[in-house]
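Engineer: This structure is in structure tokens; I'll ask about it shortly.
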Amino acid sequence: MATSPQADGESGTVFSAETYFATQPPPSSLEQDVARVKEFLQRQLQDGRKVVLVTSGGTTVPLELNVVRFLDNFSAGTRGATSAEYFLKAGYAVIFMHRQFSLQPFSRHYSHSTHPFLDFLEIDESSQSATSASSPRITVRPSEEPQLIEVLSTYKAVHRAGTLLTLNFVTVNDYLWLLRAVSQEMSILGRSCLYYLAAAVSDFFLPRQKMSVHKIQSGKGSLHIEMDQVPKILKPLVAEWTREGFIVSFKLETDPNLLLPKACQALARYGHQVVIGNDLHRRKFEVVFVSPKSSSSSASQPSAYEEAWLRIDLNKDPHKEIEEDIVAELVKRHEGWIRNAGTAT
Ligand code: PMT
């Protein structure tokens, strides 16, 4: 039975995961998404593939039921979309759970502002003869062809192989329901599944019961909204929904001094396998892997964790993507996790 949300002693309310799901409604697309996930997993199971769930992009927090205004965050989904490509390359099947309209594997190379695809298409007027009524042909600028052929052929191959499943979320509520459902389904894979939680999920939300039905009216001066805390979803994920999965969470900080302590705190609290720490301004060329020391006896001591920094030199190779190395390292660690099944973790 769900318990009521608890006041946290300061302000706002702390929802347990159980209370959250008992009081907040599921998204209307959930059943359909779960059916697609089941079908996808069955196929991967038959083919003996490892599966990774990549979460990517930010979540919104709507302020009204008929939503006009919402809170959001900076995440563009670069980390998730890029990593998904490297996981596919490493032979994984990928469930790519992303914020609607954030970057996606493959199409990310031609995203709207950095490399717009219309800029490298040409209209070949010469292909239209004066007498024919046919439309002119579209061609690709020759300098863009090599990269496009590479991206397009990998994209087509992935589609033929059926190894990429894309799911959408927008709000933090969509995200939480979908993550729970997908992870419960993925648990049938045991140790062969990996969780790569790169989404930037809101820590606060407005429960449905507190939301204004219609657009909040201006004219009353300032606006005061008290939000409640989103439940720490890593806890049930690790302890209940998918006990054997290899779970990698991320920690983003803007104060570099907080990165390691916060990563250790997350491992101590949730007991999962890896936290990847990244500093907002250095995340494209530096991350730190924090994980429990295999020989450690007490996971609650900071000394029980080890750190491994991963850095790339973008001056030397501006096209290098740090996600390539992140994924290579995780593939190795996941293999070790699968090998160690049945022994202490
Ligand atoms: O998308 P980009 O622009 O490339 O940016 C990538 C990134 C910086 C957003 C990414 O690398 C990153 O760090 N994501 C996690 C941000 C963060 O600090 O999250 P958190 O501290 O709120 O959460 C910790 C972990 O738990 C995260 O893995 C998060 O995905 C997960 N989480 C958090 C809250 C929640 N309710 N559910 C979750 O699953």
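Engineer: Go through (1) within 14 Å of the ligand (Cβ to nearest atom); (2) assigned to a loop (DSSP other than H, G, I, E, B); (3) open to solvent by less than 80 Å² (accessible area, probe 1.4 Å) one by one and return the number of the condition Leu194 breaks.
Structural biologist: Here Leu194 clears every test but (2).
Engineer: Would you confirm whether any residue within region 222-233 is open to solvent by 30 Å² or more (accessible area, probe 1.4 Å), within 14 Å of the ligand (Cβ to nearest atom) and in contact with a helix residue (DSSP H, G or I) (Cβ under 7 Å, 6 or more places away or on another chain)?
Structural biologist: no
Engineer: Can I ask one more? Looking at Thr254, Thr242 in this structure, which one is under 19 Å from the mean Cα position of the chain (by Cα), of a type in the set (Ser, Thr, Tyr) and within 15 Å of the ligand (Cβ to nearest atom)?
Structural biologist: Values: Thr254 fails: under 19 Å from the mean Cα position of the chain (by Cα).
Answer to the check: Thr242.
Engineer: Between a residue in region 64-86 that is closer than 30 Å to Ala328 by Cα and part of a loop (DSSP other than H, G, I, E, B) and any residue that is open to solvent by 50 Å² or more (accessible area, probe 1.4 Å) and of a type outside the set (Phe, Trp, Tyr), which pairs come within a Cβ distance under 9 Å, given they are 6 or more apart or on different chains?
Structural biologist: Listed pairs, sorted by first residue: Ser75/Leu252; Gly77/Gln104.
Engineer: Which one is farthest from the ligand (Cβ to nearest atom) among residues in region 264-279 that are assigned to a helix (DSSP H, G or I) and in contact with a Lys or Arg (Cβ under 7 Å, 6 or more places away or on another chain)?
Structural biologist: Tyr270
Engineer: Residue by residue through region 119-140, note down the ones that are open to solvent by 90 Å² or more (accessible area, probe 1.4 Å) and modelled with pLDDT of 90 or more.
Structural biologist: Selection gives Ile123, Arg137, Ile138.
Engineer: Continuing with the same structure: Scanning region 87-109 for residues that are near the ligand (Cβ under 10 Å from one of its atoms) and assigned to a loop (DSSP other than H, G, I, E, B), which turns out nearest to Ile326 (Cα to Cα)?
Structural biologist: Across region 87-109, the extreme among qualifying residues is Leu103.
Engineer: Which count do you get for residues in region 235-263 that are open to solvent by less than 30 Å² (accessible area, probe 1.4 Å) and either in a helix (DSSP H, G or I) or in contact with a Pro (Cβ under 9 Å, 6 or more places away or on another chain) (or both)?
Structural biologist: So the answer is 6.
The values are calculated or read from the model by the stated rules, or taken from the named source; none is laboratory data. Given the structure is predicted, the values throughout are model-derived calculations rather than measurements. For neighbour counting, all protein chains shown are included, and Cβ atoms are generated from backbone atoms with ideal geometry for every residue, glycine included. Ligands, DNA and RNA are excluded from the accessible area calculation, which covers all protein heavy atoms including side chains. Shrake-Rupley method; radii C 1.70, N 1.55, O 1.52, S 1.80 Å.
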